[in-house]
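The values are calculated or read from the model by the stated rules, or taken from the named source; none is laboratory data. Since we're looking at a predicted model, the values are computed, not measured. Positions of Cβ are generated from backbone atoms using ideal geometry, with glycine treated the same way; all protein chains shown enter the neighbour counts.
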4 protein chains.
Amino acid sequence: MHLSDFRSVIDQYDVIFFDSYGVLRSYQGLVPGVDRTFALLEEQGKEYYIITNDASRSPELLASSFHRAGLYNIQPDHIISSGMLAKEFLDLKVNDGIVAYLGTENSAHYIESSGLHTMPVSEIDDSNMHKVNALVMLDDEGFDWFRDLNKAVNLLRHRTIPAIAANPDNSYPVNNHDVSIAVGALAHMIEKVVGKKFIRFGKPDTQIFMFAYERLQAKRSISKKDILMIGDTLATDILGGNKFGLDTMLVLTGNTQPKDAESRIVSTGIVPTWICEAAVV
Amino acid sequence: MHLSDFRSVIDQYDVIFFDSYGVLRSYQGLVPGVDRTFALLEEQGKEYYIITNDASRSPELLASSFHRAGLYNIQPDHIISSGMLAKEFLDLKVNDGIVAYLGTENSAHYIESSGLHTMPVSEIDDSNMHKVNALVMLDDEGFDWFRDLNKAVNLLRHRTIPAIAANPDNSYPVNNHDVSIAVGALAHMIEKVVGKKFIRFGKPDTQIFMFAYERLQAKRSISKKDILMIGDTLATDILGGNKFGLDTMLVLTGNTQPKDAESRIVSTGIVPTWICEAAVV
Amino acid sequence: MHLSDFRSVIDQYDVIFFDSYGVLRSYQGLVPGVDRTFALLEEQGKEYYIITNDASRSPELLASSFHRAGLYNIQPDHIISSGMLAKEFLDLKVNDGIVAYLGTENSAHYIESSGLHTMPVSEIDDSNMHKVNALVMLDDEGFDWFRDLNKAVNLLRHRTIPAIAANPDNSYPVNNHDVSIAVGALAHMIEKVVGKKFIRFGKPDTQIFMFAYERLQAKRSISKKDILMIGDTLATDILGGNKFGLDTMLVLTGNTQPKDAESRIVSTGIVPTWICEAAVV
Amino acid sequence: MHLSDFRSVIDQYDVIFFDSYGVLRSYQGLVPGVDRTFALLEEQGKEYYIITNDASRSPELLASSFHRAGLYNIQPDHIISSGMLAKEFLDLKVNDGIVAYLGTENSAHYIESSGLHTMPVSEIDDSNMHKVNALVMLDDEGFDWFRDLNKAVNLLRHRTIPAIAANPDNSYPVNNHDVSIAVGALAHMIEKVVGKKFIRFGKPDTQIFMFAYERLQAKRSISKKDILMIGDTLATDILGGNKFGLDTMLVLTGNTQPKDAESRIVSTGIVPTWICEAAVV
């Protein structure tokens, strides 16, 4: 496995797409040194986007949390989250009525819009079920799993409505040793019981890359050849970036350990253009 | 779809295997008239077994609950449950240490044996995790889903031990309108996160039929041609019975509604030998 | 199930996306009357695109075949095929070497480009295998299944390269009674053997809709609200259109029979905005 | 990873179950030294069975091929094949009419019986399709894949009959470098197209172990504790043996390479009781 020098790789691209968790931050806070990377990008006037499978908060709240962690210049409009795709879907396709959600209040707040009222799954009952026009899974926290996963199952059995997983990940690390079950795995379970498929938003699906690409195109013409996608997960960041036609870089600060990188690339057949230790200059 | 007369069908067999839920009982209690069926079987001296995907209680407790419901003569040794298969596996293959379980205390009690100590997943910590030699999912109740499903995931990530789903069903009906997520679906979710497979016990796997068949053979020689399996679910009762080489009867008092029976048989290709309205003479 | 009048529905949209097979044509030729639909669209100056999971031919050859069938005005640049997405991927991500393919010579011809040489899987041997930088499945015809599917399996076991299914469909109708196994199902089989995932291009993935949408945007600004996607298949056309944020119309001239439409919508939870008998004014 | 001494392990058991391919033989012939193992077993008067996922030939022909390879004493009644389970199913459950098959003439010959006529899928046509009462996949050779896999798909779409995969393996090695697609993977592909499930016979399902166990019990009482299952594949031999309640031994002469054994055990959670280099004393 050939490790490339991060600085000399990014010098070859005009625009950088970053995954968030495992690349810029971890459960311990900022990956040490990534602030220097952003300082360099700003010095060079290079554009960047953060492309994240996260539906737990609005881009504004995501930006605030980067600021608190020490990345002071990341603006909300440079963050593309899978939650934003779910929100666009709801705006375009579910025009009125109630959107039932599983997640925290924070996660529900930002998908509200003029015509749509959000309601936690826990509050669904016989009197309002007929008004529920979509189910959306936003976060694995903020609800009682036993009560509300069962309620979600029965909602989907009784109502012919779209079911949305606003984050397709099956798990996320909570510390050095342990992971937590994420929204994607909960959606798989409900699919097994109900026999209907969730609509999933987020990497590796290419739609999330298109959101960032369109924002770029709105400013100036840019070729996919000039964009680099940096991520720590082969099955989401690298596969998605590859499929969208971008060059990709695997970093070893998150889901893919240095000792496993080569064997996972071979066993999955998902090949990044570059491998670097960290997204750090 | 040709409906047969229940009485004239069972007259053609020496031994009857019954599924429990959806055939003999429902959320409302006994299926009206099944007591007459058992009275007839006993009058005729025909043997029967109840073959159930249930790991929540011992055969003794299952028999008691039949007695309370009004089937007074069903003996524990005529009940074969998927939990008994899980117990045999633990006895033969996991000789010592701790068996961590998800379920109620009742469900754990009967899988205890001389060498094996059971412990709820909630009590696993760094001090005892190294002694845990198996994980077994017995019931969807009796534990905190959020805390303990996450603990089960991390147990399986840290320890190379067998994981057992003692009931493969994905859901069960709780009333006329709603179902509840069952142990089988929870196991699917954990598999998605961890990437390891659970060992599943219960129909449609044929092992559970073999338990009953061996008990029969211990008394006298009996041909599979003389045994009828009666169930309400194509994918478990009928597929399993068919695969084991038994004639099978679908009854329409449980999971398969009269209006759906024909289309489900065609769409799954799982064909019962007979279809009757109910297991009632 | 409410059937809408086709003419009054399309009057509400500026741009129409059509699936091809099952909407415009069938194994018997043109769906009777669709020529009138295109005459109307041209009279009204409305734009349309044909969005098809087809990788067997170039857009030019696809257009010719529409002309031969009687749709004389369909231009190649109004056809978006999953094969074009696969071609873009190869151009951007596989810059040199050999692309091994399964399909006809016609299907391979149009994915050739300056740097890339295509070669049928049948011609791979020990002398050239190290130069093969991608495998692409284009068509279910044009090769010996036994010999070449086995060769493709071993190619993917020996080389860490992207594997592409340029059409995700599992089957297609060949006449009133029978279907044929398609590229998508062959890819599933190879995945089972090799344990690696194919990159799939085509509906329901939204990338193919983005290709058409970008062409539209290059001419003028258009909102997704003004585009209607018309298809005969819930799991590809309608799900993909819905996910991309378009209004969708199910027509009953192809994969979805009038008698099945309602039950399939309920059982899948994939709900079209409109249902019409045919895409015919 | 602790390697045990083969001789001292088998001394602890009364009965040995062997997988065939990868344990006793390979594409190169007999595994060197296994003849000494069988000589020892016979000297000690220990019983053994060969338990193989093979439906391509009768036990008699399988025994002959062992004789030709140099294991002169293996008798047909000591071989249990997945094909025998399929044959029993056909005898018990499909009493008359035609069994359509995919495989060689040899594979079809031994599943014929008094009431059942076998016919290659290639010969199915409109005149006889209504008499076909089962489809059975016996071997990956002996038929035209393109023509006959498509015919099998349409047979299952038109007729509500059981579909049987008489060997669940997805692939088998043909030489040091290459594998061949096996019946199990072909069945997966057909399932994807048709939406119906095949009935699979063979390891890891425990039914095949029960066949051998019943033959043992017919002679004398034997406890599962006294039987050892030896195999080269974790997902079939070891998982199946474990689930049936047997002690298991992984040998490293077939599908599991010495360098991969430990990581595969950890990643699958399928743990053999013993690991030995080869089934050779």
Handout entry: Cross-chain or 6+ apart pairs with Cβ under 9 Å, segment B:82-95 first and at the interface with chain D (Cβ under 7 Å from one of its Cβ atoms), then among the aromatic types (Phe, Trp, Tyr) and part of a helix (DSSP H, G or I)
Key = B:88/B:211; B:89/D:244; B:92/D:244
Practice task
For segment C:136-148, indicate whether the set of residues that are touching a helix residue (DSSP H, G or I) at 6+ places or on another chain (Cβ under 7 Å), over 19 Å from residue D:152 (Cα atoms), among the aromatic types (Phe, Trp, Tyr) and at the interface with another protein chain (Cβ under 10 Å from one of its Cβ atoms) is non-empty.
Solution key: yes
Completion exercise
Just one listed residue, out of C:71, C:92, is of a type in the set (A, V, I, L, M, F, W, C) and in a helix (DSSP H, G or I), and it is C:92
Problem - Among (1) away from chain A (no Cβ under 12 Å); (2) assigned to a helix (DSSP H, G or I), the one test that residue B:100 misses - result: (2)
Exercise for the section: Determine if segment C:153-165 includes at least one residue that is modelled with pLDDT of 95 or more, in contact with an Asp or Glu (Cβ under 6 Å, 6 or more places away or on another chain) and either among the charged types (D, E, K, R) or outside any helix (DSSP H, G or I) (or both). Expected result: no
Completion exercise
Scanning segment D:61-70 residue by residue, the ones that are touching a helix residue (DSSP H, G or I) at 6+ places or on another chain (Cβ under 6 Å) and modelled with pLDDT of 95 or more total 1
Handout entry: Hey, residue C:63 aliphatic (A, V, I, L, M), closer than 23 Å to residue C:214 by Cα and crowded, with 16+ Cβ neighbours inside 10 Å or not
Key = yes
Fill in the blank from the handout: Taking segment D:243-261 and keeping residues free of Cβ contacts under 8 Å to residues at least 40 places away in the same chain and not hydroxyl-bearing (Ser, Thr, Tyr) leaves D:243, D:244, D:245, D:250, D:252, D:257, D:258, D:259, D:260
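Before we move on, is residue B:101 touching a Ser or Thr at 6+ places or on another chain (Cβ under 7 Å) and either surrounded by fewer than 16 Cβ atoms within 10 Å (Cβ to Cβ) or of a type in the set (Phe, Trp, Tyr) (or both)? Steps first, answer last, please.
On the way: touching a Ser or Thr at 6+ places or on another chain (Cβ under 7 Å): yes; either surrounded by fewer than 16 Cβ atoms within 10 Å (Cβ to Cβ) or of a type in the set (Phe, Trp, Tyr) (or both): yes.
When the stated conditions are applied, residue B:101 passes them.
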Completion exercise
Among (1) among the small types (Gly, Ala, Ser); (2) more than 21 Å from residue A:203 (Cα to Cα); (3) assigned to a helix (DSSP H, G or I), residue A:4 falls short only on (3)
Handout entry: Unmet requirement for residue A:87, which otherwise passes all of (1) surrounded by fewer than 21 Cβ atoms within 10 Å (Cβ to Cβ); (2) within 23 Å of residue A:210 (Cα to Cα)
Key = (1)
Practice task
Can you run down the residue pairs with Cβ atoms below 6 Å, 6 or more apart or on separate chains, where the first is in segment A:107-121 and on the phi < 0 side of the Ramachandran plot and the partner is part of a loop (DSSP other than H, G, I, E, B) and of a type in the set (S, T, N, Q)?
Solution key: A:107/A:56; A:110/A:58; A:115/A:95
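Would you confirm whether any residue within segment D:167-178 is touching a residue at least 40 places away in the same chain (Cβ under 8 Å), touching a helix residue (DSSP H, G or I) at 6+ places or on another chain (Cβ under 6 Å) and of a type in the set (Gly, Ala, Ser)? Break it down into steps so the answer makes sense when it comes.
Filtering segment D:167-178 for residues touching a residue at least 40 places away in the same chain (Cβ under 8 Å) gives D:167-169, D:172-176.
Next cut, touching a helix residue (DSSP H, G or I) at 6+ places or on another chain (Cβ under 6 Å) only: D:167-169.
Checking the rest, the ones that are also of a type in the set (Gly, Ala, Ser) come to none.
Within segment D:167-178 (the criterion being touching a residue at least 40 places away in the same chain (Cβ under 8 Å), touching a helix residue (DSSP H, G or I) at 6+ places or on another chain (Cβ under 6 Å) and of a type in the set (Gly, Ala, Ser)), the answer is no, since none of the residues qualifies.
One line per residue, one yes/no per condition, for (1) crowded, with 21+ Cβ neighbours inside 10 Å; (2) touching a strand residue (DSSP E or B) at 6+ places or on another chain (Cβ under 8 Å):
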position	(1), (2)
D:141	no, no
D:145	no, no
D:150	yes, yes
D:168	yes, yes
D:180	no, yes
Completion exercise
How many residues of segment B:108-152 are within 26 Å of the chain's Cα centre (by Cα) and not in a loop (DSSP other than H, G, I, E, B)? The answer is 22
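Suppose we filter C:73, C:53, C:95 for residues that are within 15 Å of the chain's Cα centre (by Cα) and either at pLDDT below 95 or within 22 Å of residue C:15 (Cα to Cα) (or both); which single one remains? Steps first, answer last, please.
Numbers: C:73 fails: within 15 Å of the chain's Cα centre (by Cα); C:95 fails: within 15 Å of the chain's Cα centre (by Cα).
Answer to the check: C:53.
Yes/no per residue for (1) in the same structural domain as residue D:44 (by TED's automatic domain parsing); (2) in contact with an Asp or Glu (Cβ under 9 Å, 6 or more places away or on another chain); (3) under 26 Å from residue B:202 (Cα atoms):
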{"residue": "D:167", "(1), (2), (3)": "no, yes, yes"}
{"residue": "D:177", "(1), (2), (3)": "no, no, no"}
{"residue": "D:185", "(1), (2), (3)": "no, yes, yes"}
{"residue": "D:195", "(1), (2), (3)": "no, no, yes"}
{"residue": "D:212", "(1), (2), (3)": "no, no, yes"}
{"residue": "D:251", "(1), (2), (3)": "no, yes, no"}
Fill in the blank from the handout: Cβ pairs under 8 Å, 6+ apart or interchain, first in segment B:197-218 and within 18 Å of residue B:90 (Cα to Cα), second among the aromatic types (Phe, Trp, Tyr) and in a loop (DSSP other than H, G, I, E, B), ordered by first then second residue, are B:207/B:201; B:208/B:201
Problem - Where residue D:133 falls short, out of the listed (1) over 26 Å from residue D:206 (Cβ atoms); (2) facing chain C (nearest Cβ under 10 Å) - result: (2)
